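Below is one structure; the comments refer to it alone.
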């Protein structure tokens, strides 16, 4: 009986011992920092750490590898002998490094995106100016083809930026720049006169002479500045009214012959007032004048225009709206034309110049481009 | 003495068995590498970027295990072999995903291309119908030139599809569609302008 009791006590004791040993030998769980770090590394890679901070990412990876190897070594030990304290510490350091790296990557990404956006904005400003100029020129077809393509690519750049594909966005902007350069070359050929100081000085002189005459003779004068799309009425040498105008389909060019859709430049006068024209009221000017005829004949002689080409005529200041392009006439909004029509008598001098501004917008655009190219 | 000799021989045999049985798993390494290369060749860098990265990481972890074991006296490559086998199996699974993803990208690019073409054709048709008056002639000429530019870009969409750059093709096609729609709106506005004047 006694033996049985001792035996039962021993069995119980063994059982308790086994439970105790089992509990104390239980394998400690791997520290959560291990999983966190591995997930963090994936996030960093997805965020583009290898691209935006390659050196720092490499160092981080190396530290992560070391920590992982250390963890693996610990894992090889029998559960009871495992101690994850150092592992935890190493992974915490890696996580801290990863957090700093994340901030660095975000900062560099923001910087890259900012640089690309700034480049895009400056190219878009060029595009916008060329787009507006191209509408006023004959060679618009060629320049606008390039500009339309550039516009499509601007939209692609926006998408690439949204997707964080900065390299591709940069490449796309290079293609945009090339298209803009091609468009610019076409436009430059049309706009060279506006960048020529001697030509601008000649226009300015012509305008000043006419204003002086208006002052001396106490008379009215109409001065049209094509580049600024501005018609100014002078009285006694002083501006009394200014209107925004539309020009010829090829408005910035000087008219040479019929059908070129250019607006003539020179000194003219109102020769007829037309009360009821196709485009509301109209003031007919004496294009072609002597200068125009001379220029036309020279061009014919030099073979610039064919023998059959005619010089054209019927150039008016008329209504119909400043937003529509004409075949060479100067167009105003109907209500403004009505006002001008009432104000201007037959015989009023009309001077049409390219521009009188020696620092006009074309010069600022193209000279600005030149500076940018040489950088 | 005899017993000692027997024990020594037995010991040597055991050591020999341990070391000779624990050769580096070269075959498994090569298989896993080949499986990852196959994923890359199938377009993994484009269509399974994240998965490919994980495969490479897992492979590197397996190689770490191989290297760790190779430095030990008693090498156990069992775990490394398991890891490498998993890499291989995962790579095969990833490779199997790619054709469907590629097909999906192609489908999206072709849809976008068709939509861009339709928007282009619509703008073109509108432009042909537009009244070429004094006030609209210039606008119409300009828009024709714009459409010519879009046509050139549409050709580039096809070129991108031919090169299997489906994401690039889709982005371009969507941008073309937007521009074509904008031109169509301009044409409509020009038509309205003429109508307004006639009233």
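Going residue by residue through region A:149-167, is there one that turns out to be assigned to a helix (DSSP H, G or I), out of contact with any helix residue (DSSP H, G or I) (no Cβ under 7 Å at 6 or more places or on another chain) and over 23 Å from residue A:48 (Cα atoms)?
Checked against the condition, which is being assigned to a helix (DSSP H, G or I), out of contact with any helix residue (DSSP H, G or I) (no Cβ under 7 Å at 6 or more places or on another chain) and over 23 Å from residue A:48 (Cα atoms), region A:149-167 yields no hits at all.
The residues listed here are B:134, B:193, B:197; of these, the one that is outside any helix (DSSP H, G or I), within 9 Å of chain A (Cβ to nearest Cβ) and either within 30 Å of residue A:280 (Cβ to Cβ) or modelled with pLDDT under 95 (or both) is B:134. With respect to residue B:106, is the statement that it is in contact with a helix residue (DSSP H, G or I) (Cβ under 7 Å, 6 or more places away or on another chain) and more than 14 Å from chain A (Cβ to nearest Cβ) true? Yes: the conditions hold for residue B:106.
The selection criterion, being crowded, with 17+ Cβ neighbours inside 10 Å, at pLDDT below 95 and under 13 Å from residue A:169 (Cβ atoms), holds for residue A:109. Within region A:273-282, being part of a strand (DSSP E or B) and touching a strand residue (DSSP E or B) at 6+ places or on another chain (Cβ under 7 Å) holds for A:273, A:274, A:275, A:277, A:280, A:281, A:282.
What are the residues in region A:85-98 that are touching a helix residue (DSSP H, G or I) at 6+ places or on another chain (Cβ under 8 Å) and either in contact (Cβ under 8 Å) with a residue 24 or more places away in the chain or closer than 12 Å to residue A:40 by Cβ (or both), if any? Within region A:85-98, A:87, A:88, A:90, A:91, A:92, A:93, A:94, A:95, A:97, A:98 qualify.
If we keep just the residues of region B:47-65 that are more than 12 Å from every other protein chain (Cβ to nearest Cβ) and over 18 Å from residue A:62 (Cβ atoms), which is farthest from the chain's Cα centre (by Cα)? The selected residue is B:55.
Yes or no, residue by residue, for (1) free of Cβ contacts under 8 Å to residues at least 12 places away in the same chain; (2) within 9 Å of chain A (Cβ to nearest Cβ):
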| position | (1), (2) |
| --- | --- |
| B:125 | yes, no |
| B:139 | no, yes |
| B:142 | yes, yes |
| B:155 | yes, no |
| B:160 | no, no |
| B:176 | no, yes |
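Buried (at least 17 other Cβ atoms within 10 Å of the Cβ), farther than 20 Å from residue A:68 by Cβ and at pLDDT 95 or above: is that true of residue B:109 in this structure? Here the answer is yes, as residue B:109 does meet what is asked.
For residue A:310, are the conditions met, namely being assigned to a loop (DSSP other than H, G, I, E, B), within 14 Å of another protein chain (Cβ to nearest Cβ) and touching a residue at least 12 places away in the same chain (Cβ under 8 Å)? Judged against the criteria, residue A:310 is not a match.
Across region A:237-263, which residue is modelled with the lowest pLDDT among those that are touching a strand residue (DSSP E or B) at 6+ places or on another chain (Cβ under 6 Å) and closer than 20 Å to residue A:220 by Cβ?
A:245
Conditions (1) touching a strand residue (DSSP E or B) at 6+ places or on another chain (Cβ under 6 Å); (2) outside any strand (DSSP E or B); (3) touching a residue at least 24 places away in the same chain (Cβ under 8 Å); (4) within 14 Å of chain B (Cβ to nearest Cβ), marked per residue:
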| residue | (1), (2), (3), (4) |
| --- | --- |
| A:271 | yes, no, yes, no |
| A:284 | yes, no, yes, no |
| A:293 | no, yes, no, no |
| A:296 | no, yes, yes, no |
| A:299 | no, yes, yes, no |
| A:339 | no, yes, yes, no |
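Return yes when residue A:328 is part of a loop (DSSP other than H, G, I, E, B), within 14 Å of chain B (Cβ to nearest Cβ), under 39 Å from the mean Cα position of the chain (by Cα) and closer than 19 Å to residue A:225 by Cα and no when it is not. Yes.
Checked against (1) within 14 Å of chain B (Cβ to nearest Cβ); (2) over 17 Å from residue A:220 (Cβ atoms); (3) crowded, with 23+ Cβ neighbours inside 10 Å, residue A:323 passes all but condition (3).
Within region A:140-172, the set of residues being under 12 Å from the mean Cα position of the chain (by Cα), more than 8 Å from chain B (Cβ to nearest Cβ) and surrounded by 23 or more Cβ atoms within 10 Å (Cβ to Cβ) comprises A:150, A:157.
When residues in region B:26-52 are screened for being touching a helix residue (DSSP H, G or I) at 6+ places or on another chain (Cβ under 8 Å), farther than 12 Å from residue B:91 by Cβ and part of a helix (DSSP H, G or I), 6 of them pass.
Within region A:273-294, the set of residues being buried (at least 21 other Cβ atoms within 10 Å of the Cβ) and more than 43 Å from the chain's Cα centre (by Cα) is empty. Just one residue in the set A:305, A:362 is touching a helix residue (DSSP H, G or I) at 6+ places or on another chain (Cβ under 8 Å), touching a residue at least 24 places away in the same chain (Cβ under 8 Å) and outside any loop (DSSP other than H, G, I, E, B); that residue is A:362. Would you confirm, using the coordinates I've provided, whether residue A:95 is away from chain B (no Cβ under 14 Å), farther than 30 Å from residue A:262 by Cβ and surrounded by fewer than 21 Cβ atoms within 10 Å (Cβ to Cβ)? In short, yes.
Considering region B:24-46, the residues that are more than 23 Å from residue B:166 (Cβ to Cβ) and in contact (Cβ under 8 Å) with a residue 60 or more places away in the chain include one that is farthest from the chain's Cα centre (by Cα), namely B:28.
Please state which one of A:291, A:339, A:298, A:307 is more than 30 Å from residue A:131 (Cβ to Cβ) and at pLDDT below 90.
A:307
Across region A:42-62, the number of residues qualifying as away from chain B (no Cβ under 14 Å) and either closer than 17 Å to residue B:56 by Cα or surrounded by 12 or more Cβ atoms within 10 Å (Cβ to Cβ) (or both) comes to 4.
The values are calculated or read from the model by the stated rules, or taken from the named source; none is laboratory data. What you see is a predicted model, and the numbers here were worked out from it, not measured in a lab. Cβ coordinates were reconstructed from backbone atoms using ideal geometry, including for glycine residues, and neighbour counts include every protein chain displayed.
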